[in-house]
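Below is one structure, written out as structure tokens; the observations come after it.
No lab work stands behind these numbers, since they all come straight from the coordinates. The structure displayed is predicted, hence computed values, not measured ones. Ideal geometry is used to build each Cβ from the backbone, glycine not excepted, and the neighbour counts take in all protein chains shown.
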Amino acid sequence: MNGANRLPRAMMLAAYVAFTMIPLYWMVNTSLKTNEEITSVFSLWPRALTWSNYHTIFTDPSWYSGYLNSMLYVAMNTVFSLLVALPAAYGFSRYRFLGDKHMFFWLLTNRMTPPAVFLLPFFQLYSTVGLMDTHLAVALSHMLFNVPLAVWILEGFMSGISSEIDETAYIDGFSFPHFFIRIFLPLIKAGVGVTAFFCFMFSWVELLLARTLTSVNAKPIGAIMTRTVSASGMDWGTLAAAGVLTLLPGMLVIWFVRNHVAKGFAMGRV
Amino acid sequence: MSKPYNNKAWFFILPVFACVAFSAILPLMTVVNYSVQDIISPTKSVFVGLEWFRQTMRDSELHDALLRQVIFSLCVLLLQIPLGVALALAMPSKGWKSSAALVILSMPLLIPWNVVGTIWQIFGRADIGLGGHTLSALGVAYNYTASPIDAWLTVLLMDVWHWTPLVALLGFAGLRSIPDAYYQAAQIDGAGRWAVFRYIQLPKMRGVLTIAVLLRFMDSFMIYTEPFVVTGGGPGNSTTFLSQYLTQKAVGQFDLGPAAAFSLIYFLIILLFCFVLYSWMQSAGSGSKSAVETPP
């Protein structure tokens, strides 16, 4: 492409990156200050650097259990979503059948429904079956929007694999499970990785359902953070530290899928 | 490539069907059930027909929330789509710079939504926040907890910060699918920067941009957590959007019937808007064939 206006474009990108980073930087900065410093002195960097906010979180069970709860239901959700979505995506990518288009569109509508709409019935449903305040309840409720997403992304990746591979495998006498697990899955590794990433991400960031379906035992970190804001005055330092810690898992996983993530966005979130 | 027709493929779909049925059909039927009944106690309920729907339609607070929601979603689209496209065009296409730009831009998308709220809460407050403090130092009377306009600007800016990267990533993926031959041909024809954008890049991005517009519309229409954390819907009701109003009704006041009727109306509004937007974007771009293949 022509390089005449490369400079303004680079400047715009740099300005936007700065816009992205500054609020984040401010949170990190706040998390390293004491509450007295936060409210009394205004400074661009911590004058009296302290790790006490992080120390609070790692030693107080009511804080760190929130991370454990969140990670547990996110992991359960990712595994379940992949397990049911893999065969479905294979079915959609390889066959036509009665009602396939309708089924696909119906899955999409679940992605479009506001979680607030399902709040009330989920509350009732999970109370009735005795799953309230369990990690399983949150994992299942998040499948509502993650399973359609997983089917979408996986279908895209699977359609990119020629069906001649399937036929060759059958002629060679592979059974279906053997073919699927030993031959087909390795071919769409990247797709499975990207799907797992998106399931992880959307379950990790969701709060409304997770907060409503839990009270004590499975309370996610997000709910614990909102509670602290309203209850114990304003413990800004600990709040900021808790926020910083929620960024780490996402930043870790995106590094692994950075080369595929744009493709996943384009295909998956129709 | 034609796929074989085989109804046995339903066996592949069955697990998904079962699990989505459990978490979508069953709850939706419950909502429909509630929406036509007055639930007085867990054991006693009266059939009231469409009464809750009539009441919801006349609810003036709901009208206000809906109006705010529509304005908010339009602002979101007008700001984020052009900005996202501009970012996608500005992103380096290869090498480590490209990876770095991708990772940095994706960061806001990976932050739990309540933490996005927390970040902007800490950033925007005049007493402790960099943004709020800077504005005050410049002599701007900025206070998002007292002024509805400031609250609106904060929530909008937060949403731009949070979701523009999604548009940029989608646009970036669309741009990458354009073969170099197109650019070479344009160079031979002496096409300028604008012509390349107008006749090559924009048509090729149509598919992904449709997705971006739909997604941004849907997600901004469902926004709940971020304004809830930052402004709590206030000052007054100025940033109370539909989801928050519904949650107040359903969980706060436990008005099962009206809340269920509201849920159904909300769901239908979203379906309708998406259908209209989708048809409009398809017809607006017809004539230029999309090369970005999206799954059917």
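Remarks
- Cα pair distances in the protein assembly as shown, grouped into 10 Å bins until the bin that holds the longest one, percent each: 3, 16, 26, 27, 18, 8, 2, 0
- Karplus-derived 3J(HN,Hα), 6.51/-1.76/1.60, for each residue of segment A:16-31, Hz, glycine and proline x: 5, 4, 4, 4, 5, 7, 4, x, 5, 4, 5, 5, 4, 4, 4, 5
- Under 5 Å between amide hydrogens, built in the peptide plane, is the criterion, and for A:ARG96 it picks out B:TYR5, B:ASN6 among residues at least 5 positions away or on other chains.
- Per-residue Karplus couplings for segment A:237-249, computed as 6.51 cos²θ - 1.76 cosθ + 1.60 with θ equal to phi - 60°, are listed in order as x, 5, 4, 5, 4, 4, x, 4, 5, 6, 6, 4, x Hz, Gly and Pro entered as x.
- Relative contact order (percent, whole number), chain B, Cα cutoff 8 Å, 6+ residue spacing: 27 percent
- Between the helical axis of A:221-231 and the longest alpha-carbon principal axis of chain A there is an angle of about 30 degrees.
- Between the amide H of B:GLN37 and those of B:VAL48, distances stay under 5 Å, these residues lying 5 or more places away or on another chain, with hydrogens modeled in the peptide plane.
- Using alpha-carbon coordinates, inclination of helix A:189-205 to the longest axis of chain A, degrees: 40 degrees
- Backbone geometry of segment A:90-104 corresponds, through the Karplus equation with coefficients 6.51, -1.76 and 1.60 at θ = phi - 60°, to 3J(HN,Hα) couplings of 5, x, 5, 7, 10, 10, 9, 7, 4, x, 5, 5, 5, 4, 5 Hz, x marking Gly and Pro.
- Residue of A:THR34, A:THR78, A:THR128 that the Gaussian network model of chain A assigns the largest fluctuation, springs spanning Cα pairs under 10 Å: A:THR128
- Cα-based Rg and Dmax for segment B:1-76, where Dmax is the largest Cα-Cα distance (Å): 20.5, 58
- If you look at the Cα atoms of segment B:60-284, you get an Rg and a Dmax of 20.3, 67 Å.
- Burial ordering of A:TYR95, B:TYR266, fewest other beta-carbon atoms within 10 Å first: A:TYR95, B:TYR266
- For the pair A:PHE256 and A:ARG96 in one chain, pulling the backbone fully straight at 0.36 nm per residue adds 54.2 nm over the alpha carbon distance.
- Inter-chain Cβ neighbour average for residues A:238-251, partner chain, 10 Å: 4
- At q = 0.10, 0.11, 0.14 Å⁻¹, base-10 log of I(q)/I(0) for chain A (Debye sum, equal scatterers on each alpha carbon): -0.68, -0.80, -1.09
- Relative contact order of chain A: 32 percent, from C-alpha pairs under 8 Å at least 6 residues apart in sequence.
- Highest-MSF residue in chain B out of B:PHE275, B:PHE53, B:PHE72 [GNM, Cα springs under 10 Å]: B:PHE275
- Each pair of Cα atoms in segment B:154-286 enters the Kirkwood radius, and Stokes-Einstein at 10 °C and 1.306 mPa s then converts it into a translational diffusion coefficient of 89 µm²/s.
- Rel. contact order, % - alpha carbon contacts under 8 angstrom, at least six apart, segment B:1-138: 7 percent
- Of the DSSP H helices in chain B, those that are both long (alpha-carbon extent of 18 Å or more along the helix axis) and hydrophobic (Kyte-Doolittle mean at least 0.0) are B:60-90, B:148-176, B:206-221, B:256-284.
- Neighbours of A:ARG47, meaning other residues whose beta-carbon lies under 14 angstrom from its beta-carbon, give a summed charge of -1 when Lys and Arg score +1 and Asp and Glu score -1.
- Residue exposure proxy: A:PHE92, B:PHE241, ordered by other Cβ atoms within 10 angstrom of their Cβ from fewest to most, comes out as B:PHE241, A:PHE92.
- Top of A:MET158, A:MET201, A:MET103 by mean-square fluctuation, Gaussian network on chain A, Cα under 10 Å: A:MET103
- Taking every residue in B:261-273 and counting other chain Cβ atoms within 10 Å of its Cβ, the average works out to 3.
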